[in-house]
Amino acid sequence: MTKLRIGLFGRGRLGTAIASEAVEAGTKLAWQAGREGIPPAPVDVAIDASAREAVEAHLAWALDTGTDLVIGTTGWSLPELESRVAGRIGVLVAANFSLTVALMARLALVLGRFAALDPARDPYLLEHHHRLKLDAPSGTAKSLAAALMAGCPRKTEWTLGSAEPHQLSLGVLRAGAEFGTHTVGLDAPAEVLELTHRARSRTPFAQGALAAARWLQGRKGLFSMDDLAADLLDPLFTNLNEGGPPARGARSASPLVLPPGASAPSPDAPSLGGKP
Ligand SMILES: NC(=O)c1ccc[n+]([C@@H]2O[C@H](COP(=O)([O-])OP(=O)(O)OC[C@H]3O[C@@H](n4cnc5c(N)ncnc54)[C@H](OP(=O)(O)O)[C@@H]3O)[C@@H](O)[C@H]2O)c1
């Protein structure tokens, strides 16, 4: 089998983690670029782990060269991304490459639905990242907020800190060396439910970035990590009253080796990624 050739925009914290994971995974890293410019060597898929102001130029390069692009960089917004990409290359946008966070987003949707049943159940969101992270709230926090609000229609927007009844209160902390912690919670008069994801290193992000690159190769259009995760995660939510393992036909192999063709966005899954 031919090795996937990847190019990597970014040689900072995330870029370094992806580069070392690529060696582990037997992926060929053709080049890794910082802000000095784009190396000319063609690759199968490029991964953007750089800075928000660089994403536009990297997308333009990908469109010009017909190279599929995985964008892990957060905090940017590109108008008409979908129509620009349509039919030309594959672009996968992921504010968070962790599959566990994709699962958390589904659970956040359910938490939101549960909150919707009783106005006394107040959903909220907290996130904590290292002090050098530039964007706040994180792209992951925005995706989780979108999932919570999709489940709880009385919450129509998020806000930092004090919230009106129609707003979801979101707390942001930038301190220390934390890789990334997100909590979705529900505060009711007599009880509290919290679900926390905490990354112990950048490894899950690096592994997810490479899985996304493998999955994206040869696909055309705009995708999110949720598209990659759907085959594995959706079966976990069927036959819940029967208990037991995932439904028949569910994929039990590691999502990090999902075969090509394994994509089917869930119709009621919240829109994750794509609009960081
Ligand atoms: N999707 C995920 O799961 C995930 C996980 C973690 C982080 N992130 C995101 O990934 C991005 C990178 O994070 P990081 O912690 O690795 O940042 P970092 O350590 O600051 O590294 C940033 C890299 O971007 C390059 N860069 C900066 N400005 C540039 C420009 N104008 N043009 C081209 N390259 C430029 C830097 O180049 P030089 O080397 O030349 O300085 C450096 O290599 C952030 O947006 C972060 O939020 C995403």
Query raised in the report: Could you say which residue among Leu59, Leu99 is buried (at least 20 other Cβ atoms within 10 Å of the Cβ), closer than 30 Å to Ala188 by Cα and out of contact with any Ser or Thr (no Cβ under 8 Å at 6 or more places or on another chain)?
Result: Leu99
**Report entry** Leading residue by the ranking (modelled with the lowest pLDDT) among those in region 9-31 that are farther than 22 Å from Leu134 by Cα and not in a helix (DSSP H, G or I)
**Finding:** Gly26
Query raised in the report: Listed residues Ala264, Ala250; which is assigned by TED's automatic domain parsing to the domain that holds Gly26, of a type in the set (A, V, I, L, M) and at pLDDT below 75?
Result: Ala250
Query raised in the report: Can you name the residue in region 48-66 that is among the charged types (D, E, K, R) and within 12 Å of the ligand (Cβ to nearest atom) and is also nearest to the chain's Cα centre (by Cα) among such residues?
Result: Asp48
Query raised in the report: Regarding Ala120, is this residue at pLDDT 95 or above, crowded, with 18+ Cβ neighbours inside 10 Å and either within 27 Å of Ala19 (Cβ to Cβ) or more than 16 Å from the ligand (Cβ to nearest atom) (or both)?
Result: no
Query raised in the report: Which residue out of Gly72, Gly90 is in contact with a helix residue (DSSP H, G or I) (Cβ under 9 Å, 6 or more places away or on another chain), outside the structural domain of Lys142 (by TED's automatic domain parsing) and surrounded by fewer than 23 Cβ atoms within 10 Å (Cβ to Cβ)?
Result: Gly90
Query raised in the report: Can you name the residue in region 19-47 that is near the ligand (Cβ under 10 Å from one of its atoms) and of a type in the set (A, V, I, L, M, F, W, C) and is also nearest to the chain's Cα centre (by Cα) among such residues?
Result: Ile47
**Report entry** Options Ser143, Ser201; residue that is within 16 Å of the ligand (Cβ to nearest atom), surrounded by 14 or more Cβ atoms within 10 Å (Cβ to Cβ), within 18 Å of the chain's Cα centre (by Cα) and among the polar types (S, T, N, Q)
**Finding:** Ser143
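The values are calculated or read from the model by the stated rules, or taken from the named source; none is laboratory data. A quick note: this is a predicted structure, and the numbers were derived from the prediction, not measured. For neighbour counting, all protein chains shown are included, and Cβ atoms are generated from backbone atoms with ideal geometry for every residue, glycine included.
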